[in-house]
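Read through the structure below, which is laid out as structure tokens, and then see the notes.
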Amino acid sequence: MINPMLTPWFVAAVPLLGALLGLSIWSQPEKLKTWSVTVTLGSLLAVLLSFFTLTGSTEGLLFVLLLPLAASVSLLGQPVHRDHRLTWVVTLVFLGMGLGILTLPSPIGSIALALLLGFITFLLYWHHDPFWGPSWLGIGTYGLGTLCAGIAAMTGSAIASLLACMILLPLVPFHHGYVAALTRLPGSLPSFTVLLLPAIGLHKLAALIPPVSELETLPVIVLALSGALYAAIKALAQSRVRLLLTYGSLSFFSLLWWCVAASRTVTPQAAVFLGSLALVTAGLLLAWQVIRTRYGDDVDPRAISGLAAQMPQFAVLISVLALAAMGLPPFGVFVGFMGLLFASPLTLSIAPFVVAITWLAASWYILDLVQGLLFGRKRPDLRYEDVRQSEFASLLIVVMIMFALGLAPTNLFEGTPRSTDTGAIMESVSWNR
């Protein structure tokens with residue numbers, strides 16, 4: 001039996017220790033990838049063992065379960081290459097830090113969050129393109145997030161914590177870090193951080209939002225609804241797939257902000273919606289990685305067609321992911337958002353209009369992307385190769401999780417998510433302090 005007092009340390013230590021041990025096989029990329037995937041599965045086992053060991057609440061249960069799975073599929077979906085070795089190890093480090101933030105008490109969890117955001121800021125600077133403006137905006141945004149997380153850890157400031165939440169769970173105009181992370185970070189990191197950072201943001205927000213008055217949430221509601229429209233329009237205008245997926249998910253995250261601010265609570269449905277949305281975005285990023293592996297990093301999606309007949313397994317998997325991303329039943333995105341929608345008061349009459357526009361826009365750009373890839377004439381100059389075993393496994397796992405989140409009883413996660421980190425502090429700090 002694991003001592004319940006040591007359980008959070010045990011859960012966080014497994015991937016961190018795995019990352020350290022992985023350095024011993026650094027010169028063997030194939031073994032390092034296999035080891036990294038094995039460590040994520042070991043981390044999932046550690047979480048499950050901890051669940052049966054803990055006698056307290058199950059706060060953060062859904063996210064703590066999903067993070068090892070997201071890390072596993074992110075690693076599986078990457079091709080074996082020497083250039084990806086660092087991202088495999090960093091994914092394990094991020095997994096350990098994320099599990100620590102979700103489970104460790106204050107102030108250790110808040111300090112770990114500041115370190116995580118600082119680490120991501122450094123990686124964005126390391127991989128930045130001097131001629132690509134949004135990268136600098138992302139560096140600045142996550143730099144601000146690092147500062148806010150540090151201030152919150154030292155002083156318990158509710159304002160600093162709220163700003164950190166707006167950066168982690170992206171809300172316009174604090175979304176540039178999210179855009180940079182999904183488009184500029186290398187290897188397996190974008191498809192993992194798309195869940196890691198928003199999950200931490202919602203986890204922190206759960207302790208901040210209940211004591212807030214209806215009047216104080218009005219600015220957040222306005223930002224959320226305007227951000228949903230802005231991101232949906234930006235997604236429609238994108239020709240780059242990763243930017244399209246980034247702004248598409250940002251529009252749905254904005255709707256999540258609206259629901260949470262309007263109801264002034266974080267419900268189990270919010271956790272299901274966020275987890276489903278983040279994972280389906282990760283799945284689509286991994287599906288696009290399949291295309292990039294075959295045709296190059298800078299391939300134009302309009303130059304690829306006819307994949308349905310030549311790559312049937314890939315066609316089926318990306319089609320199911322597209323249906324989930326559009327918010328159709330029985331997947332988790334639909335179930336989670338319907339639960340949120342019915343629980344949220346319509347504080348502004350424009351809210352249903354924004355929801356409809358966001359949903360219609362998602363249906364348009366997702367269908368347009370998938371239809372362009374799968375159908376059309378077969379090109380003799382393209383080399384068609386269906387998904388490999390590891391790619392198939394990663395996409396299939398995401399699809400299965402989408403079904404599971406859509407069909408599982410919502411009250412299964414009724415302990416999710418409440419902050420074990422800053423919650424006790426924030427409950428005693430007034431909103432205006």
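The values are calculated or read from the model by the stated rules, or taken from the named source; none is laboratory data. It should be emphasised that the depicted structure is a prediction, and the values quoted were computed from it without experimental measurement. Glycine gets a Cβ as well: all are built from the backbone with ideal geometry, and neighbour counts include every protein chain shown.
Observations on the structure shown:
- Qualifying residue in the range 351-359 (condition: surrounded by 14 or more Cβ atoms within 10 Å (Cβ to Cβ) and in a loop (DSSP other than H, G, I, E, B)): no
- Within the range 201-234, the residues that satisfy the criterion of being surrounded by 24 or more Cβ atoms within 10 Å (Cβ to Cβ), among the hydrophobic types (A, V, I, L, M, F, W, C) and closer than 30 Å to ASP297 by Cα are ALA228, ALA231, ALA232.
- Residue tally, condition surrounded by fewer than 16 Cβ atoms within 10 Å (Cβ to Cβ) and modelled with pLDDT of 90 or more, over the range 302-315: 2
- Within the range 237-276, considering residues that are under 15 Å from PRO301 (Cβ atoms) and of a type in the set (A, V, I, L, M, F, W, C), the one surrounded by the fewest Cβ atoms within 10 Å (Cβ to Cβ): ALA237
Residue-wise test of (1) of a type in the set (A, V, I, L, M); (2) at pLDDT 90 or above.
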| residue | (1), (2) |
| --- | --- |
| LEU225 | yes, yes |
| ALA228 | yes, yes |
| LEU244 | yes, yes |
| SER251 | no, yes |
| SER254 | no, yes |
| VAL266 | yes, no |
| THR281 | no, yes |
| ASP300 | no, no |
| SER319 | no, yes |
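- For the residues ALA287, ALA278, the requirement of being closer than 30 Å to VAL212 by Cα and either touching a residue at least 24 places away in the same chain (Cβ under 8 Å) or assigned to a helix (DSSP H, G or I) (or both) singles out ALA278.
- Verdict on GLY98 being within 19 Å of LEU45 (Cβ to Cβ) and out of contact with any His (no Cβ under 8 Å at 6 or more places or on another chain): yes
- Residue under evaluation PRO329, criteria (1) within 23 Å of the chain's Cα centre (by Cα); (2) buried (at least 16 other Cβ atoms within 10 Å of the Cβ), criterion not met: (2)
- The listed residue being over 18 Å from ILE200 (Cα atoms) and of a type in the set (A, V, I, L, M), out of LEU250, LEU236: LEU236
- Filter result for PRO173 (surrounded by fewer than 18 Cβ atoms within 10 Å (Cβ to Cβ) and over 21 Å from GLY227 (Cβ atoms)): no
- Search result, residues across the range 162-202 that are part of a helix (DSSP H, G or I), in contact (Cβ under 8 Å) with a residue 40 or more places away in the chain and farther than 22 Å from PHE273 by Cβ: HIS176, ALA180, THR183, ARG184, LEU189
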